[in-house]
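Take a look at the structure set out below.
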Amino acid sequence: MKNFSLEMRTKIYFGKNSIENLNNHIPDYNNILLVYGKGSIKKNGIYEDIYKILNKFKINVYELNNIKPNPEITKVYEGIKICKENKIDLILAAGGGSVIDTAKAISAGVYYQDDIWELFLKDDKIEKSIDIGVILTLSATGSEANANSVIQNDKRKEKLAIHNDMIRPKFAILDPYYTLTVSKYQTACGVADIFAHILEQYFYPEKDAYIADRLAESLMRSVIKFGEILITDLNNIEARAEIMWASTLALIGILKAGKYGDWASHTLEHELSAYYDIAHGAGLAIIFPAWLKYVYSDDKGWKYREYGINVWGINPDLTDKEIAEKSIEKTINFFKKLELPVTLKEANIDDKYITEWAENIINRLPSKEIGNFKKLNKEDIINIYKLAL
Ligand code: NZQ
Ligand code: ZN
């Protein structure tokens, strides 16, 4: 096992009516910035639930709303301004990954000496941040309890991430009932994203982390089981709850304890989101099968064997290559069952920008390579996009 450090400081309140726990946190603050998206929380009553609690306290509440999916840096600038002008001491994010990631970038940006986009370009140190509380309304990214923020810069056609424990939320409210209004498509995208997060950490070229990998397999089986239930029965609250917990566990850090991840597929997907504003989970359902096909080699067949047998129940008597082929087929069928696109064509994306995307990715990296399971250069990246066509 590799050495690792793991911080999981987010206090999680899980279950029906867990919003009541806001009552314990709000008295610690004076000026709160409530961040939310384009209105779903107003339609489904979550906004009202939040204010029922906020209104009990002598605090000032400010709002930043209209955060779009694939959130834009301009909203982060707006939020930083509000925080500076009003001495905000808690940012309360009520939404999915886009809202939470915006809150995180604001939290770091208030104290960052430079333009906050520089932080995304350099993934620089964050010395100080504002506390963040989360009310999760969509199960997908794991942003509710992790240290990442992914933000888009539409002008520059870039979608980049920062990773720092300083932006890990202080507390997160996870009420599966709050996800009952999420559409079928967004639910499916969320399930695909969770599954992809596990795959990114699972596919690593060394047999280094037995516990992390067995946890990953168990989590993948659960995501398949409850994802398939949910897609035919969106009101199944048990499945909503299991998927919500899976989203948090998939990216809280335990699955990479003792190993490193790969994350090339996410990097390739972020180019799709930056150019086409495609939902992140849908982009991953397109990229991941192509990546799985492309990076197979006989010396790494053992990993596909583990994946095929332990996740998909494939016959162990088959060769590594046969197991790999069957497990990729099963993965594609899973995404299809979720009614997601599995090729670029199905998402109405052609080959126009493939070389540009590969150049964007490679030019950002001093090593000119991405991924760990297989190191990918520009040619490899182009080939994977082509396989995804
Ligand atoms: O804006 P509103 O009206 O709230 O509607 C949202 C949005 O249209 C809607 N929604 C959310 N909760 C709802 C709801 N609709 C009905 N009922 C509810 N309860 O869902 C739509 C999508 O929301 P969004 O937040 O964009 O989805 P998601 O949680 O999938 O977040 C995606 C973003 O997170 C990034 C992605 O790249 C993408 O930008 N990621 C963040 C990560 C992280 N911080 O660790 C890791 C991921 O790999 C990912 O890159
Ligand atoms: Zn993701």
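The values are calculated or read from the model by the stated rules, or taken from the named source; none is laboratory data. Remember, predicted model here, so these are calculated numbers, not experimental data. Cβ: placed from backbone, ideal geometry, glycine included. Neighbour counts: every protein chain shown. All accessible areas refer to the heavy atoms of the entire protein, side chains included, with ligands and DNA or RNA removed. Shrake-Rupley method; radii C 1.70, N 1.55, O 1.52, S 1.80 Å.
One residue is enough: does segment 121-133 have a residue meeting the conditions farther than 14 Å from Gly79 by Cα and buried (at least 24 other Cβ atoms within 10 Å of the Cβ)?
yes
Can you name the residue in segment 235-247 that is among the aliphatic types (A, V, I, L, M) and open to solvent by less than 10 Å² (accessible area, probe 1.4 Å) and is also farthest from ligand 2 (Cβ to nearest atom) among such residues?
Only one residue tops the list, namely Ala239.
Which residues, taken from segment 150-197, are part of a strand (DSSP E or B) and in contact with a Gly (Cβ under 9 Å, 6 or more places away or on another chain)?
Passing the criteria: Val150, Phe171, Ala172, Ile173, Leu174.
Scanning for something at pLDDT 95 or above and closer than 30 Å to Leu6 by Cβ, does segment 314-329 turn up at least one residue?
The answer is yes, given that some residue of segment 314-329 is at pLDDT 95 or above and closer than 30 Å to Leu6 by Cβ.
Output the residues belonging to segment 137-152 that are buried (at least 24 other Cβ atoms within 10 Å of the Cβ), of a type in the set (Gly, Ala, Ser) and within 9 Å of ligand 2 (Cβ to nearest atom).
Across segment 137-152, the qualifying residue is only Ala140.
So if I check each of Tyr296, Tyr275, Tyr304, which one is more than 16 Å from ligand 2 (Cβ to nearest atom), touching a residue at least 12 places away in the same chain (Cβ under 8 Å) and outside any helix (DSSP H, G or I)?
Tyr296
One line per residue, one yes/no per condition, for (1) acidic (Asp, Glu); (2) within 14 Å of ligand 2 (Cβ to nearest atom); (3) open to solvent by less than 20 Å² (accessible area, probe 1.4 Å); (4) under 27 Å from Asn363 (Cα atoms):
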{"site": "Ile135", "(1), (2), (3), (4)": "no, no, yes, no"}
{"site": "Gly190", "(1), (2), (3), (4)": "no, yes, yes, no"}
{"site": "Phe203", "(1), (2), (3), (4)": "no, no, yes, yes"}
{"site": "Arg221", "(1), (2), (3), (4)": "no, no, no, no"}
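With respect to Ile100, determine if the residue is open to solvent by less than 20 Å² (accessible area, probe 1.4 Å), closer than 23 Å to Thr187 by Cβ and away from ligand 2 (no atom under 16 Å from the Cβ).
Criteria not met by Ile100.
With the requirement that a residue be in contact with an Asp or Glu (Cβ under 8 Å, 6 or more places away or on another chain), in a helix (DSSP H, G or I) and open to solvent by 10 Å² or more (accessible area, probe 1.4 Å), what does segment 367-386 give you?
Correct list: Lys378, Lys386.
Pairs needed: first member in segment 168-179, farther than 13 Å from Gly96 by Cβ; second member anywhere, among the small types (Gly, Ala, Ser) and not in a strand (DSSP E or B); C-beta distance under 6 Å; at least 6 residues apart or different chains.
Hits for this filter: Arg168/Ala147; Ile173/Ser18; Asp175/Ser18; Pro176/Ala241.
Is segment 248-259 home to any residue that is hydroxyl-bearing (Ser, Thr, Tyr), open to solvent by less than 10 Å² (accessible area, probe 1.4 Å), touching a Gly at 6+ places or on another chain (Cβ under 8 Å) and at pLDDT below 95?
Scanning segment 248-259, I find no residue that is hydroxyl-bearing (Ser, Thr, Tyr), open to solvent by less than 10 Å² (accessible area, probe 1.4 Å), touching a Gly at 6+ places or on another chain (Cβ under 8 Å) and at pLDDT below 95, so the answer is no.
Restricting attention to segment 226-234, does a residue exist that is buried (at least 23 other Cβ atoms within 10 Å of the Cβ), assigned by TED's automatic domain parsing to the domain that holds Pro289, more than 22 Å from Thr10 (Cα to Cα) and within 10 Å of ligand 1 (Cβ to nearest atom)?
No; the residues of segment 226-234 include none that is buried (at least 23 other Cβ atoms within 10 Å of the Cβ), assigned by TED's automatic domain parsing to the domain that holds Pro289, more than 22 Å from Thr10 (Cα to Cα) and within 10 Å of ligand 1 (Cβ to nearest atom).
For Gln186, which of the numbered conditions (1) over 17 Å from Lys336 (Cα atoms); (2) open to solvent by 20 Å² or more (accessible area, probe 1.4 Å) fails to hold?
(1)
Which condition number does Ile194 fail, the rest of (1) open to solvent by less than 20 Å² (accessible area, probe 1.4 Å); (2) at pLDDT below 95 being met?
Exception for Ile194: condition (2).
Results for (1) at positive phi; (2) open to solvent by 70 Å² or more (accessible area, probe 1.4 Å), shown as yes or no for each residue.
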{"site": "Asn315", "(1), (2)": "no, yes"}
{"site": "Lys326", "(1), (2)": "no, yes"}
{"site": "Thr331", "(1), (2)": "no, no"}
{"site": "Glu339", "(1), (2)": "yes, yes"}
{"site": "Asp350", "(1), (2)": "no, yes"}
{"site": "Glu356", "(1), (2)": "no, yes"}
{"site": "Leu365", "(1), (2)": "no, no"}
{"site": "Ala388", "(1), (2)": "no, no"}
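Output the residues belonging to segment 164-175 that are surrounded by fewer than 22 Cβ atoms within 10 Å (Cβ to Cβ) and either over 30 Å from Asp124 (Cα atoms) or acidic (Asp, Glu) (or both).
The answer is Asp165, and nothing else.
Restricting attention to segment 97-116, report how many residues are touching a Lys or Arg at 6+ places or on another chain (Cβ under 8 Å) and farther than 21 Å from Asn65 by Cβ.
1
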